[in-house]
1. State yes or no: is Arg296 of a type in the set (Lys, Arg) and farther than 20 Å from Leu153 by Cα?
2. Show the residue pairs that are 6+ apart or on different chains and have beta-carbon atoms under 7 Å apart, the first residue being within the range 346-363 and assigned by TED's automatic domain parsing to the domain that holds Phe331, the second being in a helix (DSSP H, G or I) and among the polar types (S, T, N, Q).
3. Inside the range 173-188, can you point out the residues that are without any contact (Cβ under 8 Å) to a residue 40 or more places away in the chain and either in contact with an Asp or Glu (Cβ under 8 Å, 6 or more places away or on another chain) or of a type in the set (A, V, I, L, M, F, W, C) (or both)?
4. Collect the residues in the range 236-251 that are loosely packed, with under 13 Cβ neighbours inside 10 Å and of a type in the set (A, V, I, L, M), keeping them in residue-number order.
5. Under 7 Å between Cβ atoms, at least 6 apart or on separate chains: pull out the pairs that start in the range 309-327 with a residue that is in the same structural domain as Thr295 (by TED's automatic domain parsing) and end on any residue that is of a type outside the set (S, T, N, Q) and assigned to a loop (DSSP other than H, G, I, E, B).
6. Which pairs have Cβ atoms under 8 Å, sit 6 or more apart or on different chains, and link a residue in the range 196-225 that is touching a residue at least 24 places away in the same chain (Cβ under 8 Å) to one that is in a helix (DSSP H, G or I) and among the charged types (D, E, K, R)?
7. Among the residues of the range 310-356, what is the count of those that are within 22 Å of Ser284 (Cβ to Cβ) and either assigned to a helix (DSSP H, G or I) or among the acidic types (Asp, Glu) (or both)?
8. Within the range 99-141, how many residues turn out to be in contact with an Asp or Glu (Cβ under 9 Å, 6 or more places away or on another chain) and among the charged types (D, E, K, R)?
Amino acid sequence: MPLFEYSGLDAQGRKVSGKIDGTGRKAVMQKLSQQGVFLTDLKEMAAASSSGGIRRLSLRRKISPVELAAATRQLGTLLGAGIPLDEVLATVADQTDQSALSSTFMSIREKVLQGSPFFEAIGEHSGVFPDLFINMIQVGENSGTLDQVLNRLADFLDEQARIRSRIQAAMAYPILMTVVGTGVLIFLFIFVVPKITGMLTEMGQALPWPTQMLITLSSTLANWWWLLLIGVALALAGLRRYRNTAAGRLKMDRLSLKIPLYGRLNLFIATARFSRTLGTLLQSGVPLLKALDITRTLLNNRVLREAVETARKEVQEGGSLARSLKNSAAFPPMLAQISAAGEKSGQLEPMLFRLADTYEHQTDLSITGLLSLLEPIMILVMGTVVGFVVLAILLPIFEASQGF
């Protein structure tokens, strides 16, 4: 069914616009007229059934977790109010400001009107909706609790977006300081230091080793900066290629968990994500084996992924989740302890949520601690470099003044 974009005036003379589907222009004009809309413009968009046109449009720009969370909460709220699913999808598509997400929901609505289950229609847009989303929708649709599942999904996406935003905001200052400091030092070494060292060389006296080292560094940067850039680019490309291999990815992921401070932060983030995702899936009715399989795919660290995969296999063979996690020694011991308590009491989901809250709090503390350590380290490094430059420049001047 074709999709049309319209603009016009309502009964009060206010401007209105949006998207609507219909069998043709006349049918759409009649439908809008019944709604009290006086059309000023009507344009046909790509049909939802045409060889995935809208689906390609929906993937043209990546949809942020915040936008997806807001749309998911709207879906859950409207469904909870008893509004039919096709009307809910049309409403959310019309209200969202993100054109790609709007087109995606209109495409999903078209599939639903054709008789496809909601989760299958969403599954055709795997580039927008993760496996977690699709599987929880399937469970909610089969159990008749779709509105509740959507609200849980919205809570989960909001929490993940909050953590990501916290990390990005915390790292903005150190990254900015590093870029600015590096830029200032490069400017000094390429443009300022050569002029000063040139004057010192013309004095015709023996130069101390710090000054000679400064002249060498400055000359290298000024004359061979392009070669240094090529070297850095090749090194990064080689590192990236090595990381894309199975052995390289595993080794680097293992190393990322052992780096002082950063490794601890990385582990806390992964544990919080694992606990909250697994708890959300189990609470929504997803079987444990399926929940572990989905949760595994959301972990970026290969070491932790293999630990979860091993735990899933042992649970499938009748083993305990807590014992499997404990034997892997990849996650913090508290995860195995909480899992054991939850399995014994039958309250695994709320236990996992509490653990997620704990590690999210620990993540905030770790970020604060890392920043409090990074700032003095950056100041110390910058001060050392600047002090070396000043010392290298002043030393020959002092020696020359003593000779008079």
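The values are calculated or read from the model by the stated rules, or taken from the named source; none is laboratory data. Please read these numbers as outputs of a predicted model, since none were measured by experiment. Cβ coordinates were reconstructed from backbone atoms using ideal geometry, including for glycine residues, and neighbour counts include every protein chain displayed.
1. Judged against the criteria, Arg296 is not a match.
2. Final answer for the pair search is Leu348/Ser339; Glu349/Gln283; Leu352/Ser275; Leu355/Ser275; Ala356/Ser275; Tyr359/Thr271; Tyr359/Ser275.
3. Those that are without any contact (Cβ under 8 Å) to a residue 40 or more places away in the chain and either in contact with an Asp or Glu (Cβ under 8 Å, 6 or more places away or on another chain) or of a type in the set (A, V, I, L, M, F, W, C) (or both): Ile175, Leu176, Val179, Val180, Val184, Ile186, Phe187.
4. Matches in the range 236-251: Leu236, Ala237, Leu239, Ala246, Ala247.
5. Matching pairs, first to second residue: Leu325/Phe331.
6. The qualifying pairs are Gln205/Glu399; Pro208/Glu399.
7. The number of residues fulfilling the criteria is 23.
8. Adding up the residues that qualify gives 4.
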